Structures are given as C-alpha cells and as structure tokens.
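Below is one structure, written out as structure tokens; comments come after it.
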C-alpha cells in the first residue's frame, strides 16, 4: 500500500483565499473597464462608485437679470462648455411665477423638459461641476481628498456669503432685521446710518479675515486657484462675490475694498479667473 503524500499545513485555506482575492480584484478591474462609474479603492477593500451623470439634452437656468446666486452656476456651465438656456426673469413677472417654482425659489434648473426642475444654488453648482466633468472639463473632482478639499472651499465661501448677507439685505428689507415695520422708516436717515454701520464694519473687520484665509489657501496650493492648479466650482462661487463687492454698486462699500484688504495676491487670483477663455466669452458684450 502506497503512502499518501502529506498536505502541508494551511495549504487548502491559502489556496481558497488566493482564489477569492483573485476574483475580488478581477471584479474591480471589470468594473473599471465596463461601467460608466469612477471606482475608488477603499482602505478596507470596499469598492466605492461615483456616477458621472450623462449630459442632458436640454438645460434651462432661470433667475433674475442680475448675478446673485445663479452666477456661479452660469460660470460653471460656461467653463465646462455645457450648453444651457439662460432665462432672465423680470421682477414684475416674479409674483406670478413664484408659485410655479420648487419651494417658491430661484435659481431653478430645468433638465430635459418641464418635468425635472431643481432648485438650491449649491446643489445646482455641484451638478454643473459634474456635467463639466462629463464634458471633459474637471471642475468638480470626484472622490478622495480632491473632492473633500473642493467641498471644503465651497462651504467656506458659503460661510463668507452668509456672513455678508444680513449687512446687504438690511438696506433692502430693514423690517426683516428688527427695525420698524413702518415702510416710511426705510430710506430714512436712521436707516441709512444703520446700513452704513453694518456694511462698513463687515468690510473693515470681517472681510479682511476671510481674505486672509483665502490668501493662505492660494499660497498652500501654488497660488493659482483655491484648490490647486486647476479651476474648480469653488472659484466659480468666490470670484463673482469678490467682483460684486468691488463693483462700486453697493452703498457704503468702496470700490477698492478687494484691492485694499486683499492685496496683490487676491487681485492676481481674480484676474487669473477672469482671464479664462470661457469666462471672457461669458462676460463679453452680447447681441440683444
């Protein structure tokens, strides 16, 4: 009787585990090749997928004929070379249209016809960034630290905008901020003084702090844009706000405020963004 060969300890479990690992890795390779998703390896071998949305057949962005919260979306779509209809609502149309808008708010983006209408400007900004990605222009990095850093800077600009907003709107709707309900108070000398105090304090005290953080962020990332060498949706959000503050069109906000408090670094950053070809085209005079 022939003696059977002894099986080395743990050889079967090792063989089984090797085959299992091979199948997992092969599955991830197949996913990378055959699906319209970006596949990211997780430290614990969990596969995470981020879908890239297909380009819609039509897009219509609706907002008033001012920049406001729609401008960052317009810029992201323009830089991403994503075609869209830019519908400007007249102020005298608004009361009639308000009830037809999601949450009664604008901007609103209509995607592939009237059945799909979405609002909330930050959500639309991210969606515009992902459409740009799908169109070959990476405005909104997907997955990992790059996306986290971009989201961080979008939230930072949000914080800055929310800090400024009460100072802006106290001049327009003072009764919403605890001032007299009587409409005759609006435009009075007391109202003008309250507005001036609120705005100049923010420009002189808070604005330089925000610009200081922006300068540090630019220096950390090479000096070009907020998140590195490439423009992102965060820049599409920040630059229109800086331009509006420096427009000379806001009472008690001096036109030189960005240059005065931001210096050469911020000025060069804004100029760099405004020098992007698609941005220049967007702001070029249009035939009416």
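The values are calculated or read from the model by the stated rules, or taken from the named source; none is laboratory data. Values in this document were obtained by computation on a predicted structure and should not be read as measured data. Positions of Cβ are generated from backbone atoms using ideal geometry, with glycine treated the same way; all protein chains shown enter the neighbour counts.
Got at least one residue in the range 170-186 being in contact (Cβ under 8 Å) with a residue 24 or more places away in the chain, in a helix (DSSP H, G or I) and assigned by TED's automatic domain parsing to the domain that holds residue 232? Full working, then the answer.
First pass over the range 170-186, keeping only residues in contact (Cβ under 8 Å) with a residue 24 or more places away in the chain: 170-171.
Filter once more, keeping what is in a helix (DSSP H, G or I): none.
No, the range 170-186 contains no residue that is in contact (Cβ under 8 Å) with a residue 24 or more places away in the chain, in a helix (DSSP H, G or I) and assigned by TED's automatic domain parsing to the domain that holds residue 232.
Can you tell which of 234, 219 is touching a strand residue (DSSP E or B) at 6+ places or on another chain (Cβ under 9 Å), in a helix (DSSP H, G or I) and in contact (Cβ under 8 Å) with a residue 40 or more places away in the chain? Walk me through how you get there before you give the answer.
Numbers: 219 fails: touching a strand residue (DSSP E or B) at 6+ places or on another chain (Cβ under 9 Å).
None of the others qualify; the one that does is 234.
What tally of residues in the range 124-143 results from selecting those that are in a loop (DSSP other than H, G, I, E, B) and either without any contact (Cβ under 8 Å) to a residue 40 or more places away in the chain or surrounded by fewer than 20 Cβ atoms within 10 Å (Cβ to Cβ) (or both)? If you could, list the steps in order and put the result at the bottom.
Keep residues of the range 124-143 that are in a loop (DSSP other than H, G, I, E, B), which gives 135-143.
This time we only want the ones that are either without any contact (Cβ under 8 Å) to a residue 40 or more places away in the chain or surrounded by fewer than 20 Cβ atoms within 10 Å (Cβ to Cβ) (or both), so: 135-138, 142-143.
Counting residues in the range 124-143 that are in a loop (DSSP other than H, G, I, E, B) and either without any contact (Cβ under 8 Å) to a residue 40 or more places away in the chain or surrounded by fewer than 20 Cβ atoms within 10 Å (Cβ to Cβ) (or both) gives 6.
Determine which member of the set 246, 194, 165 is within 18 Å of residue 268 (Cα to Cα) and not assigned by TED's automatic domain parsing to the domain that holds residue 76.
Details: 194 fails: within 18 Å of residue 268 (Cα to Cα); 165 fails: within 18 Å of residue 268 (Cα to Cα).
Being within 18 Å of residue 268 (Cα to Cα) and not assigned by TED's automatic domain parsing to the domain that holds residue 76 holds for just one of 246, 194, 165, which is 246.
When you go through (1) in a helix (DSSP H, G or I); (2) assigned by TED's automatic domain parsing to the domain that holds residue 159 one by one for residue 251, which number turns out not to apply?
Every condition holds for residue 251 apart from (1).
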